[in-house]
Amino acid sequence: MISFEGFTLLILLFILAPIIGAIALLFLFIFEKRIDLLENRNVKIELEKELQQALYNQLNQQIQPHFLFNTLNVILSLARLNRTKELVRALEVLSQFLKFKYKSTEPLISLSREIQYTEQYLEIQKLRFGSRLSIQLDCPDDLLLASIPPFVLQTLVENAFKHGLERKMGEALLQIRISHKDDNVLLEVIDNGSSGLTAFQDENLAETDQHHEKSGHGLDNIRRRLHLCFGDHASLDLSPVTEGGTHVTVQWPFLYEQIDVR
């Protein structure tokens, strides 16, 4: 026979069981919703990451036809001047550059690789300008492994020639300086071109015709890619050189390892 205390406990059990079950179901429902929310958030993050990566790749691809177009113009000029030896060397250098370039799919590469790309371009320009072109490149060894978005230096050098040095009569000077600035890498590209800064500032107003692509995407492309990689911790600035020409400075965080585009 059940005692009074046992009967009371049994009644309480019957009363509390549905309440405990309802609370358990409520917690289970909230937990499932939380899992769904986290899964949806992870999917959203992955989609945003893929979108940023696609945008980065699209921006990076814009530079490549621009460089190829200008390089082919250099080669064409050598051919018209019957400078066969220089023409053969220019084709060899272009082949080497394209071989390296199309292997580069990372959002960031080492400065040493970026300098190597740029030197391929500069060798073609040396063949074209001859002895009137002087180039100074300074980079400390400990910065050679620092990370940089690909084609930043190469694009700045290309623009220095396109908007300044190609219009310069007499000696053409190009300085490339890479140094530390606090926890940042500081890249400077300086030329003595005839109208470099004005051309740089006006390049976004350039119109596209059937023979030329718009020139304005170069600097804007660099700014946007730097922002994709480093946010507001990177910058690109231009200033005039007193004696004539343009001084371009780029800063970004000093990192050895490559990072994902954010």
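The values are calculated or read from the model by the stated rules, or taken from the named source; none is laboratory data. What you see is a predicted model, and the numbers here were worked out from it, not measured in a lab. Counting neighbours? That spans all protein chains shown, and the Cβs are built from the backbone with ideal geometry, glycine included.
Annotations
- Inter-residue pairs, beta-carbon under 9 Å, first surrounded by fewer than 14 Cβ atoms within 10 Å (Cβ to Cβ) and in the stretch 125-151, second small (Gly, Ala, Ser), 6+ apart: Arg132/Gly170; Arg132/Ala172; Ser134/Ala172; Asp138/Ser179; Pro140/Ser179; Leu145/Ser110; Leu145/Ser112
- Only one entry in Tyr121, Tyr117 is assigned to a helix (DSSP H, G or I), surrounded by 18 or more Cβ atoms within 10 Å (Cβ to Cβ) and free of Cβ contacts under 8 Å to residues at least 40 places away in the same chain, namely Tyr117.
- If only residues of the stretch 208-223 that are crowded, with 18+ Cβ neighbours inside 10 Å and in a helix (DSSP H, G or I) are counted, the one that is modelled with the highest pLDDT is Ile222.
One line per residue, one yes/no per condition, for (1) under 15 Å from the mean Cα position of the chain (by Cα); (2) charged (D, E, K, R):
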site	(1), (2)
Ile115	yes, no
Lys126	no, yes
Gln136	no, no
Ser147	yes, no
Glu158	no, yes
Ile178	no, no
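- Residue in the stretch 69-83 that is more than 26 Å from Gly164 (Cβ to Cβ) and either in contact with a helix residue (DSSP H, G or I) (Cβ under 6 Å, 6 or more places away or on another chain) or at pLDDT 85 or above (or both) present: yes
- Long-range neighbours under 6 Å by Cβ, at least six apart or interchain, first residue farther than 18 Å from Gly218 by Cα within the stretch 234-253, second surrounded by fewer than 17 Cβ atoms within 10 Å (Cβ to Cβ): Pro253/His233
- The set of residues in the stretch 175-190 that are within 14 Å of Asp142 (Cα to Cα) and not in a strand (DSSP E or B) contains only Asp183.
- Condition check for Phe200: within 20 Å of the chain's Cα centre (by Cα), aromatic (Phe, Trp, Tyr) and either modelled with pLDDT under 85 or in a helix (DSSP H, G or I) (or both): yes
- Test: residue in the stretch 89-101 that is assigned to a loop (DSSP other than H, G, I, E, B) and either of a type in the set (S, T, N, Q) or within 18 Å of Leu187 (Cβ to Cβ) (or both): no
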